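What follows is one structure encoded as structure tokens, with my remarks underneath.
The values are calculated or read from the model by the stated rules, or taken from the named source; none is laboratory data. Quantities reported herein were computed from a predicted structural model and do not represent experimental measurements. Neighbour counts are summed over all protein chains in view; Cβ atoms, including those assigned to glycine, are modelled from backbone coordinates with ideal geometry. Heads up: the accessible areas ignore ligands, DNA and RNA and are worked out on the full protein's heavy atoms, side chains in. Shrake-Rupley method; radii C 1.70, N 1.55, O 1.52, S 1.80 Å.
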Amino acid sequence: RDESFIDQQVHAMLEQLRLPVSPVADDATLVRRLYLDLTGRLPTREQARSYLVDKNPAKRELLIDQLLKSPQATDYWTLYFAKLLRIRSQPKDSIGAKTYHTWLHRRIQDGTSYAEMVRELLTAMGDSHQSGPANFFRAAGDPRARAELVSELFMGVRLRCANCHDHPLDRWTQDDYHGLAAILAPLQVGRMISFKAGAEVTHPRTGEAAQPRIPGTRFLPTARTGREALADWLIAPENPYFARSVVNRLWKKLMGRGLVEPVNDMRATNPATHPALLDALGTEFRQHGYSWRYIVRTIVSSEAYARSALTLPENRADDRFYSHALVRPLEPEVLMDALVDVTGVPHRYADLPLGTRAVTLFDSRLPSPELDILGRCSREESCEEGTLASTTGGLTRKLHLVNGELINRKIGHQQGYLNQLLGSRLSREQIVERLYLACFSRDPT
């Protein structure tokens with residue numbers, strides 16, 4: 001098939017660096033990777049076997065489309081964006097978080113344009129128990145924290161570096177930082193989100209009230225329509241930040257590393273590894289109605305995505321040019337659901353029905369020692385700090401995965417899958433084969 005624009009850009013860089021590429025991963029690796037990346041769930045034995053025996057040369061593209069349309073994909077990508085938006089219950093109030101999560105799930109299910117979702121988030125008002133997006137600014141404290149949240153999430157830039165002085169490594173000034181905070185200062189944020197005229201922030205350089213300002217662009221006469229003006233500017237096709245910040249995050253999600261890293265620190269002095277590729281992905285995102293699903297499909301259809309993680313002697317040190325797949329740890333929620341699937345022992349979270357999947361939990365503050373052991377993010381701050389190496393968990397997690405109660409309880413459960421197999425007439429070899437297919441989507445060697 002024709003080489004995609006992703007592969008053209010990645011190959012051009014690899015040739016320039018004289019880095020050889022690892023081969024495309026085998027079908028067993030790919031079917032497992034696609035299910036986990038698109039639905040957050042392992043393929044069943046039947047699904048894996050079906051893919052492995054399918055001779056259709058277009059089977060990968062067909063599977064990608066099938067998975068992206070599935071209810072499991074809606075659940076899983078709701079979790080992804082919920083972490084990004086830091087959806088969590090507020091003190092003595094979980095109703096707002098549930099309303100917010102339900103709104104997000106519906107928007108993901110309906111295929112709503114991401115630009116439209118962001119406009120709703122920035123401009124919402126009213127009762128946060130009734131309006132999902134009205135909860136957005138509850139994730140941040142004061143006007144300055146709100147400005148930092150908006151700039152990092154929707155521009156991919158750390159505007160906070162311009163709080164006390166102009167940004168030393170970028171174009172942002174104190175006027176930009178405090179001007180954005182001034183747009184958001186009149187918001188009264190509690191259960192009700194309302195506008196309070198006259199609220200302001202003090203510019204530390206002048207000691208006067210900061211004038212509302214669209215970052216790097218223009219001052220506004222008043223903050224009353226500032227959020228609408230901010231949303232208009234942010235999602236306009238000519239905006240240089242919004243599209244690139246979204247596709248950079250999606251690239252990291254699927255490839256293990258952002259084209260710009262960290263993903264919330266995009267600036268001229270922190271260039272992309274593949275600048276033309278980042279621009280091209282941003283253009284595709286805009287031209288296809290700001291559809292995150294389209295970008296995900298484009299990335300996972302590429303050869304760069306499909307490469308084996310097995311390295312060659314010459315590309316072993318490569319950690320950013322995609323000569324081989326980067327090994328990515330499973331997220332705590334995905335790992336917990338995988339343990340349930342392969343052991344056949346459902347899990348109970350708080351007072352929710354037995355068998356509720358971890359990826360569908362709407363509140364990161366729901367008590368779960370198991371998810372805490374596996375390293376779930378509290379969503380108090382960004383869940384995307386750090387690089388690949390720092391997301392593999394601490395010693396507690398490693399010990400539990402090697403030989404801890406978390407897994408052993410499920411393995412030894414009387415009604416579990418293993419006990420069913422041991423009680424059947426299958427040989428030990430057949431039992432091992434079934435377990436390998438359930439865990440790794442392949443036969444043992």
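Cβ-Cβ contacts under 8 Å between residues 6 or more apart (or on different chains), taken from a first residue in region 174-202 that is in contact (Cβ under 8 Å) with a residue 60 or more places away in the chain to a second residue that is open to solvent by 50 Å² or more (accessible area, probe 1.4 Å), are listed as I193/M125; S194/M125; S194/Q188; F195/M125; F195/Q188; F195/R224.
Taking residues in region 425-444 that are under 15 Å from T29 (Cβ atoms), and partners anywhere that are of a type in the set (S, T, N, Q) and modelled with pLDDT of 95 or more, the pairs with Cβ atoms closer than 8 Å and at least 6 places apart or on different chains are S441/T29; R442/T29. Going through region 315-369 one residue at a time, which ones are within 14 Å of I407 (Cα to Cα) and assigned to a loop (DSSP other than H, G, I, E, B)? Within region 315-369, G344, V345, P346, H347 meet the criteria.
Please go through region 414-428 and give me each residue that is closer than 9 Å to V345 by Cα and open to solvent by less than 70 Å² (accessible area, probe 1.4 Å), ordered by number. Within region 414-428, G416, Y417 qualify.
Restricting attention to region 305-338, and to residues there that are charged (D, E, K, R) and under 30 Å from V118 (Cβ atoms), which single residue is nearest to the chain's Cα centre (by Cα)?
Filtering region 305-338 for residues that are charged (D, E, K, R) and under 30 Å from V118 (Cβ atoms), the one nearest to the chain's Cα centre (by Cα) comes out as E331.
Does A223 qualify as being within 13 Å of D176 (Cα to Cα), open to solvent by less than 20 Å² (accessible area, probe 1.4 Å) and among the aliphatic types (A, V, I, L, M)?
Values: within 13 Å of D176 (Cα to Cα): no; open to solvent by less than 20 Å² (accessible area, probe 1.4 Å): yes; among the aliphatic types (A, V, I, L, M): yes.
It is false that A223 is within 13 Å of D176 (Cα to Cα), open to solvent by less than 20 Å² (accessible area, probe 1.4 Å) and among the aliphatic types (A, V, I, L, M).
Filtering region 250-273 to residues that are closer than 18 Å to F154 by Cβ and open to solvent by less than 10 Å² (accessible area, probe 1.4 Å) leaves L250, W251, G258, L259, V260, V263, N264. Please specify each residue of region 348-367 satisfying the condition of being under 29 Å from L422 (Cβ atoms) and in contact (Cβ under 8 Å) with a residue 24 or more places away in the chain. Hits for region 348-367 are R357, A358. When the residues of region 154-163 are narrowed to those that are part of a helix (DSSP H, G or I), surrounded by 21 or more Cβ atoms within 10 Å (Cβ to Cβ) and touching a Leu at 6+ places or on another chain (Cβ under 8 Å), which ends up modelled with the lowest pLDDT? Looking at the filtered set, the residue picked out is L159.
Kindly establish whether H129 is in a loop (DSSP other than H, G, I, E, B) and either buried (at least 20 other Cβ atoms within 10 Å of the Cβ) or in contact (Cβ under 8 Å) with a residue 12 or more places away in the chain (or both). Spell out the reasoning first.
Values: in a loop (DSSP other than H, G, I, E, B): yes; either buried (at least 20 other Cβ atoms within 10 Å of the Cβ) or in contact (Cβ under 8 Å) with a residue 12 or more places away in the chain (or both): yes.
The answer is yes for H129.
Of the residues making up region 81-93, just one is open to solvent by 40 Å² or more (accessible area, probe 1.4 Å) and of a type in the set (K, R), namely K92.
Hey, could you check region 274-304 for residues that are over 20 Å from the mean Cα position of the chain (by Cα) and open to solvent by less than 40 Å² (accessible area, probe 1.4 Å) and say which is nearest to E61 (Cα to Cα)? Going through the qualifying residues, I end up with A280. Scanning region 116-130 for residues that are polar (S, T, N, Q) and within 14 Å of P186 (Cα to Cα) yields one hit, T123.
Do the conditions hold for L339, that is, is it crowded, with 17+ Cβ neighbours inside 10 Å and either out of contact with any helix residue (DSSP H, G or I) (no Cβ under 9 Å at 6 or more places or on another chain) or not β-branched (V, I, T) (or both)? When the stated conditions are applied, L339 passes them. Of all residues in region 195-207, exactly one satisfies the criterion of being in contact with a strand residue (DSSP E or B) (Cβ under 7 Å, 6 or more places away or on another chain) and loosely packed, with under 12 Cβ neighbours inside 10 Å, namely K196. Of all residues in region 321-344, those that are at positive phi and modelled with pLDDT of 95 or more have Cβ atoms under 6 Å from Cβ atoms of residues that are open to solvent by less than 10 Å² (accessible area, probe 1.4 Å) and not in a loop (DSSP other than H, G, I, E, B), 6 or more apart or on another chain, in Y322/V10; Y322/A304. Can you run down the residue pairs with Cβ atoms below 6 Å, 6 or more apart or on separate chains, where the first is in region 81-102 and of a type in the set (V, I, T) and the partner is at pLDDT 95 or above and assigned to a helix (DSSP H, G or I)? Taking only residues 6 or more apart or on different chains, the pairs are I87/A97; I87/Y100; I87/H101; T99/G132. For region 94-126, filtered to residues that are β-branched (V, I, T) and open to solvent by 50 Å² or more (accessible area, probe 1.4 Å), the residue that is nearest to Q72 (Cα to Cα) is T102.
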